[in-house]
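Peer 1: To start, I am sharing the structure in question, which I have written as structure tokens.
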Amino acid sequence: MHLKELLNENLIIVDLKSQDKWKTIEDLVDVLIKAQEVNSQDKNELLESLYEREQKMTTGIEHGVAIPHAASEVVKQLTAVFGICKSGLDFQAIDGQPTYLIVLLVYPQRALHEHIRTLASIANLLNDEAIRTKLKACKSSVEALQIIQQE
């Protein structure tokens, strides 16, 4: 599945403020709750799954991109939220560089294969420097969604 199939303007935040990856993950989960993709009473369980996965190995990849992800039965289907941190944050990326673009993915265990294909699709999309540059410059979720949908 492609990122453009998972997102709408309510699942994109273009002005993430946190400089801490743990708080950023929580902020993105809050977006999922606000968009009614996750029930508020499931927040802690979902955060625990995401934090546990992140502690095993950073999901900060190269070129200012992080893709925190985890399986959790609190979601019924593969779900994503996209955040942009214009100032960059330390996601302990494998290249040691600040992270600007964060795609958080959560999925039920039965969607593991779909999740892997989606991870590959996101990595391919955000490997394009021109796309990353355009996304970092976005001023609205609508603008970010248009860029993602064009690709």
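Peer 1: Pull up the stretch 21-36, narrow it to residues that are surrounded by fewer than 19 Cβ atoms within 10 Å (Cβ to Cβ) and in contact with a Leu (Cβ under 7 Å, 6 or more places away or on another chain), then point me to the one that is modelled with the highest pLDDT.
Peer 2: Checking each candidate, the answer is GLU26.
Peer 1: Here are some residues: ILE94, ILE147, ILE122, ILE116. Which one is touching a Gly at 6+ places or on another chain (Cβ under 9 Å) and not polar (S, T, N, Q)? Even if it seems obvious, please write down each step before you answer.
Peer 2: Details: ILE147 fails: touching a Gly at 6+ places or on another chain (Cβ under 9 Å); ILE122 fails: touching a Gly at 6+ places or on another chain (Cβ under 9 Å); ILE116 fails: touching a Gly at 6+ places or on another chain (Cβ under 9 Å).
Only one candidate qualifies: ILE94.
Peer 1: Looking at the stretch 63-86, which of the residues that are under 20 Å from ILE147 (Cα atoms) and either hydroxyl-bearing (Ser, Thr, Tyr) or more than 10 Å from the chain's Cα centre (by Cα) (or both) is surrounded by the fewest Cβ atoms within 10 Å (Cβ to Cβ)?
Peer 2: Per the criteria, the residue is LYS86.
Peer 1: Among (1) touching a helix residue (DSSP H, G or I) at 6+ places or on another chain (Cβ under 9 Å); (2) more than 19 Å from GLN146 (Cβ to Cβ); (3) of a type in the set (A, V, I, L, M), which single condition is ILE12 missing?
Peer 2: ILE12 satisfies every listed condition except (2).
Peer 1: Return only the number of the condition from (1) more than 21 Å from ARG132 (Cβ to Cβ); (2) buried (at least 16 other Cβ atoms within 10 Å of the Cβ); (3) in contact with a helix residue (DSSP H, G or I) (Cβ under 8 Å, 6 or more places away or on another chain) that ASN39 does not satisfy.
Peer 2: Result: ASN39 fails condition (2) only.
Peer 1: Please give the number of the condition ILE102 fails out of (1) closer than 16 Å to LEU28 by Cβ; (2) at pLDDT below 95.
Peer 2: (2)
Peer 1: For the stretch 130-147, what are the residues that are of a type in the set (Lys, Arg) and outside any helix (DSSP H, G or I)?
Peer 2: First, pick out the residues of the stretch 130-147 that are of a type in the set (Lys, Arg): 132, 134, 136, 139.
Selection gives LYS139 alone.
Peer 1: Here is a further query. From the list ILE147, ILE67, ILE84, ILE102, which residue is under 21 Å from ILE13 (Cβ atoms) and out of contact with any Cys (no Cβ under 9 Å at 6 or more places or on another chain)?
Peer 2: ILE67
Peer 1: Here is a follow-up. Could you check the stretch 118-138 and list, in sequence order, the residues that are at pLDDT 95 or above and of a type in the set (Gly, Ala, Ser)?
Peer 2: Matches in the stretch 118-138: ALA130, ALA137.
The values are calculated or read from the model by the stated rules, or taken from the named source; none is laboratory data. Just so it is clear, the structure is predicted and the values come from calculations on it, not from any experiment. Methodologically, a virtual Cβ is constructed for each residue, glycine included, from the backbone with ideal geometry; neighbour enumeration extends over all protein chains shown.
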